[in-house]
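Engineer: Before anything else, here's the structure in question.
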Amino acid sequence: MDFRLTPEQEKRRQEYHAVCRELSLKAPHPILGEKTIFGTEHGWKFFRYCAREFARRGWLSLSWPAEYGGTGDRMDQVLLADAMGYNGVPGIDPFGVGMLAPTLLAVGSEELKKEFLPPIASADVMWCELWSEPNAGSDLAALTATAIRKGDEYVINGQKTWNTNAHNADWAFGIFKSDPEGKKHRNLSFLLMDMKTPGITVRPLYYMNDGHILNEVYFDDAHVPARNLVGKEHEGWAVVNVLAGFERSNMGAVAGMRRQLEEIVHYCNETIVNGRPRSQDPMIRNRLAQLACEIEAMSTLGYRIADQQNRDEMGLMDASAMKVFSTELEERFAALAVDIFGPSGQITGGRWAPMGGHWINAYQESFVGTISAGTNEIQRNIIAWYGLGLPRMK
């Protein structure tokens, strides 16, 4: 493929970076990843401020069809994600913008599109995902939370867990068992619901770094209008498969790591240990060089996936490969950073904490990515079965 951007794409790339640089000046400091953005009042306020700024420019609906307000394509989404990641700026709702909107455009009714797409594009409504359960994670189809149709409503009972940002979200989408006697994968329905619905209770689950990002969500006879069904009743598994394939280029993470690598290189050039800069230590130089090569490889894979998405040619293996590579690279990067900083890398704040304590926080959060959104072990199975055609285990 041709890795060069067109003149028009390069112009838009520069605009995205200019806006994100300006927004970054208004960020609360320090931003300690999701712990700050989703887990603090000032972090969430900054997220919504950035989201409104993007909405004002039409950037939350870039790749949508023109009749629904789209002004670009999927490559524009990737270029914007690159600018956001490099400048450390949030504002794209991963659930509403990244997952639900393209799913509604693909399989939603016209009524659902008209009702739910505009508030996503305007950043007026934020979403969360009601997916996993205590005994249904990798095998999501084994879920037990029920949504039983009664007239023009579904009555929901059960529990969901590991729900990112459910404590801040206005609305949620989720998958529930709508036919308790039906065959597995053919007994589920995909529903949208207001998080203020009576009978819905959100309880926090804390990270090891005390960050409030995840939650448990309980349903006790929560009534949801039947018109909020996406797809057909009992055929929600098909909707899940559609949703799972969207936005896997992960260019925001790539750009963020590229910027963080630059900062660590600067730190190594400026920090003297035993009479010489850390950057002159051959072990550190070698490990940073290896990391730089891996980041470049991940960037190339990300652009390849974006190009495939633009041509509607992306396969399951490509999305899974990016997920495995990027999340495990995040682990290696964080481990290397705290290793380079030594004991001070474990300090969470104050004048002695390198980079404001960012890296000990990143190290503690890095393991989440290999588990969430389908564990990396499951992703390797997908690569083996669907990408390489290897036989399944009996």
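The values are calculated or read from the model by the stated rules, or taken from the named source; none is laboratory data. Being a predicted model, the structure only gives us computed values, none of them experimental. We place every Cβ from the backbone using ideal geometry, glycine too, and count neighbours over all the protein chains shown.
Engineer: Filter the range 141-170 down to residues that are without any contact (Cβ under 8 Å) to a residue 60 or more places away in the chain and not in a loop (DSSP other than H, G, I, E, B) and give me whichever is farthest from V125 (Cα to Cα).
Structural biologist: Per the criteria, the residue is A142.
Engineer: Looking at the structure I just gave you, is K160 surrounded by fewer than 16 Cβ atoms within 10 Å (Cβ to Cβ) and either in contact with a strand residue (DSSP E or B) (Cβ under 9 Å, 6 or more places away or on another chain) or over 28 Å from Y363 (Cβ atoms) (or both)?
Structural biologist: Here the answer is no, as K160 does not meet what is asked.
Engineer: Condition first: surrounded by fewer than 18 Cβ atoms within 10 Å (Cβ to Cβ) and hydrophobic (A, V, I, L, M, F, W, C). Now tell me which residues in the range 325-354 satisfy that.
Structural biologist: Listed by number, the residues that qualify are A335, I347, W352.
Engineer: Another question, if that's okay. Can you confirm whether the range 286-309 contains a residue that is under 19 Å from E263 (Cβ atoms), of a type outside the set (A, V, I, L, M) and part of a loop (DSSP other than H, G, I, E, B)?
Structural biologist: For the range 286-309, residues under 19 Å from E263 (Cβ atoms), of a type outside the set (A, V, I, L, M) and part of a loop (DSSP other than H, G, I, E, B): absent.
Engineer: If you take the residues of the range 311-355 that are over 21 Å from the mean Cα position of the chain (by Cα) and of a type in the set (S, T, Y), which of them is modelled with the lowest pLDDT?
Structural biologist: For the range 311-355, the residue satisfying everything is T348.
Engineer: Follow-up. When you go through I305, I264, I340 one by one, which is the residue that is within 21 Å of S63 (Cα to Cα) and of a type in the set (V, I, T)?
Structural biologist: Selected residue: I305, the only one of I305, I264, I340 that is within 21 Å of S63 (Cα to Cα) and of a type in the set (V, I, T).
Engineer: Take the range 272-298 and flag every residue that is of a type in the set (V, I, T) and either loosely packed, with under 14 Cβ neighbours inside 10 Å or assigned by TED's automatic domain parsing to the domain that holds L191 (or both).
Structural biologist: Answer for the range 272-298, where residues must be of a type in the set (V, I, T) and either loosely packed, with under 14 Cβ neighbours inside 10 Å or assigned by TED's automatic domain parsing to the domain that holds L191 (or both): I272, V273.
Engineer: Residues in the range 171-210 that are part of a loop (DSSP other than H, G, I, E, B), touching a helix residue (DSSP H, G or I) at 6+ places or on another chain (Cβ under 6 Å) and buried (at least 22 other Cβ atoms within 10 Å of the Cβ): how many?
Structural biologist: Looking only at that region, the number is 0.
Engineer: Against the definition (closer than 30 Å to S189 by Cβ, within 19 Å of the chain's Cα centre (by Cα) and buried (at least 19 other Cβ atoms within 10 Å of the Cβ)), how does V239 come out, yes or no?
Structural biologist: Yes: the conditions hold for V239.
Engineer: E328 - would you say it is within 20 Å of G39 (Cα to Cα), out of contact with any Lys or Arg (no Cβ under 6 Å at 6 or more places or on another chain) and in the same structural domain as S299 (by TED's automatic domain parsing)?
Structural biologist: For E328, the condition - within 20 Å of G39 (Cα to Cα), out of contact with any Lys or Arg (no Cβ under 6 Å at 6 or more places or on another chain) and in the same structural domain as S299 (by TED's automatic domain parsing) - is not met.
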